[in-house]
1. When the distances between all Cα atoms of segment 86-204 are binned every 5 Å from zero, what whole-number percent does each bin get?
2. Using only DSSP helix segments of four residues or longer, with each worth -39500 (n - 2.57), what per-residue ellipticity at 222 nm results for the chain after dividing by its residue count and rounding to 500?
3. Listing 48, 371, 294, 359 from the residue with the fewest other Cβ atoms within 10 Å to the one with the most, what is the order?
4. Roughly how many debye, to the nearest 20, is the charge dipole of segment 188-321 about its Cα centre, given +1 on each Lys and Arg Cβ, -1 on each Asp and Glu Cβ, and no other charges?
5. Determine the sum of side-chain charges near residue 255: Lys and Arg each +1, Asp and Glu each -1, restricted to other residues whose C-beta is under 12 angstrom from that of residue 255.
6. Apply the Debye scattering formula to the chain, with a single equal point scatterer on each alpha-carbon and no solvent, then give log10 I(q)/I(0) at q = 0.13 Å⁻¹.
7. Scan segment 255-337 for trypsin sites (Lys or Arg not before Pro) in coil per DSSP, keeping those whose Cβ has at most 13 other Cβ atoms within 10 Å, and list them by number.
8. Treating the beta-carbon of each Lys and Arg as +1 and of each Asp and Glu as -1, no other charges, what is the dipole magnitude of the chain about its Cα centre, to the nearest 20 debye?
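What follows draws every value from the coordinates through simple rules; no lab data is involved. Only a predicted model underlies this, so the values are computations on that prediction, with no experimental measurement involved. Glycine gets a Cβ as well: all are built from the backbone with ideal geometry, and neighbour counts include every protein chain shown.
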Amino acid sequence: MSDITQTPAELAEYHNLVAGQRVMADSGEWLDSFNPYTGQPWARIPRCGASDIDSAVAAAKAAFQDPAWRGLTATQRGKLLFKVADLIEQHSDRFAELETQDNGKLITETTPLIKYLADWYRYFGGLADKIEGAVLPMDKPSNFVYTRHEPLGVIAAITAWNSPLMLLTWKLAPLLAAGNTVVIKPSEHASVSTLEFVELFVEAGFPVGVINTVTGLGNEAGEALAAHPDVAKVAFTGGEKGGKSVFETAAHNLTQVSLELGGKSANIIFDDANLDAAVNGAVAGIFAATGQTCIAGSRLLVQKSVHDQVVEQLVEFASAAKMGSPTETTTQVGPITTKPQYNHVLSMIEKGHADGATCALGGKAADSEECGNGWFVEPTVFTGVSNEMRIAQEEVFGPVLSVIPFEDEADAIRIANDSLYGLASGIWTSDIGRAIRVSNAMESGTVWVNTYRAVSFIAPFGGYKNSGIGRENGQEAIFEFLQTKTVWMETELKTGNPFLMK
Ligand code: NDP
């Protein structure tokens, strides 16, 4: 692998894909993309504005109506997705490298993760020709009535910086299988992997204009895209603030939305759990990906009878975590992806101190030699946290854990559900009855029992409460991008009173 931790003398320039052409922004303006480990720009991307969005949406709209795409059978669409899956597997190392360079996620995680994305395209490619309408068993004997599931049109896919290709794939595979076209707006902080990734679809033979990209700022390019009247649906992954803004913007045109937003997930350790596995799961929940995951188990609820033992094991485990370059295979905790996010994480640590929590580990920026010039924060554990504190209620999106003690099962459920969010939760117990009772009680879209941070193309994913609207993954995800048409046919032509409902 080439050394991607060095800042190149000249920035690599990336272009958008619109109507099959590689294009700059109409304004000619660029945005720098930073390597979070060096803290330096390494590439630049077009800064798109309203006119660029108009062109991209027009291309997607034309492609949606073009027989080159519209005329394909569902089986043919599926086969195109299978080709993409093969290409992903061939080039996964390249995309892992790009993503690690652009957002600082560990190469040890991006490498298997991107290879795994191929399975999303196979799953939804296979599903494309299994979306069946129905002939309805009508109550009116002279009517033959059936349903069809049809694509929506142009989808705007807006994604966050923490895992650009995975978040994109969760939208792209089902929306294409369903027969839609797309304009993709990746985060300004990590657009590069997406701009290269769409090349695979060109190579696979997707018709011109089916897949388009626009890069730029959220409140410029993102907002213009969400506001565009020819967009049928916005499929968004990001924070609560951005999600609410997109929801409001889309409402003006009654554009549909799906929102995958943030979380403040409770990871609950009962005293009957296997504590070694539970502590391992707690570390996976908050320090993997440097805590920059929507599903971070950022509230660790620990039964009082095992609290001290768990904290001791946890601190010992986390204090040994190796920080450093995300390209090194021995690194366990990498940098924070963006400077503003780094400042946000440090400000949340300040709030933890101010609200009276005890800092049992970390609690400050890390600047050892292994951290280069990157934006590093030490793995941080706060104990003595009460659920009212800001570090227990607000999303940190970084390596900061709040440990909250609880008395019993009812207390754990009450604390876990006392959150505006409801993306995921974890339960560690050896009692099967308790596992089922507590899973049923969790107000979250995903519950993991004796595991954490597992995802699959087969398993629906999405939020309760302020964590989102809609589901990605699993068979139901394709219905996010379809609409149902009901066709009525009369088998006995006759006249009757036209002023009465039939
Ligand atoms: P943001 O909400 O800031 O941004 C998400 C995307 O939306 C980016 O492409 C951004 O562009 C764009 N955007 C921002 N504002 C607007 C707007 N007003 N109109 C249209 N588009 C806009 O989130 P982050 O990128 O900071 O990502 C972190 C958040 O994402 C966390 O809250 C995390 O929990 C959540 N997330 C949720 C996941 C889930 O599946 N539930 C998965 C991963 C992350 P730009 O970056 O250029 O500003």
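1. That works out to 2, 11, 18, 20, 16, 10, 6, 5, 4, 3, 3, 2, 0, in percent per bin.
2. Using -39500 (n - 2.57) per qualifying helix, the result is -11000 deg cm²/dmol.
3. Final ranking by Cβ density, sparse to dense: 359, 371, 294, 48.
4. Value, rounded to 20: 380 debye.
5. Here the count lands on -1.
6. Result of the Debye calculation: -1.23.
7. 322
8. In debye, rounded to 20, the chain gives about 1560.
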